[in-house]
Amino acid sequence: MDLYVGSIPFKWKEKDLLAVFSAYGEVVDVKVVIDNITRQNKGFGFVTMSSKEAAMRAVEALDGSEHLGRTIIVQLSKPKTQQDSSPSGRKGTGSTEHENKQPFWKRRKKS
């Protein structure tokens, strides 16, 4: 069962998440999201627990708990949708013009 962990201390590494979550059950995988430029964590990560029961214990115990002066958020992870994985990193703008493959200066104006 995958968990989202937000608002984690910027000094935390994967071993720190592992240490905190392993008290609630077997941890299968841990991932802290790192900024490619600064090499600092982005303040969130993901933990995969071996069972749903262990994951629910961790959510109940750790959501809202304080670590190094930060109150962490622990929730069940939501699956990534097609819209979330757009190449530009942006979600839909509400306009369908982005679907037109021509550059903006070659597009015909709508009347």
Inset, instruction - Name every residue in region 34-51 that is without any contact (Cβ under 8 Å) to a residue 24 or more places away in the chain and closer than 21 Å to Glu66 by Cβ, in order of residue number. - result: Lys42
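Anything in region 57-75 that is in a loop (DSSP other than H, G, I, E, B), touching a residue at least 40 places away in the same chain (Cβ under 8 Å) and within 14 Å of Leu3 (Cβ to Cβ)? List them, or say none.
Residues of region 57-75 in a loop (DSSP other than H, G, I, E, B): 63-65, 68-69, 72.
Now narrow it down to the ones that are touching a residue at least 40 places away in the same chain (Cβ under 8 Å): 68-69, 72.
Ile72, the sole residue that qualifies.
Here is a yes/no grid of residues against (1) part of a strand (DSSP E or B); (2) surrounded by fewer than 16 Cβ atoms within 10 Å (Cβ to Cβ):
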site	(1), (2)
Leu18	no, yes
Val33	yes, yes
Gly43	yes, no
Ala55	no, no
Thr81	no, yes
Inset, instruction - Determine if region 3-19 includes at least one residue that is at pLDDT 95 or above and in contact with a Pro (Cβ under 9 Å, 6 or more places away or on another chain). - result: yes
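The values are calculated or read from the model by the stated rules, or taken from the named source; none is laboratory data. The model shown is predicted, which means the values in this text are computed figures rather than measured ones. Reconstructed Cβ throughout: ideal geometry from the backbone, glycine too, with neighbour counts over all protein chains shown.
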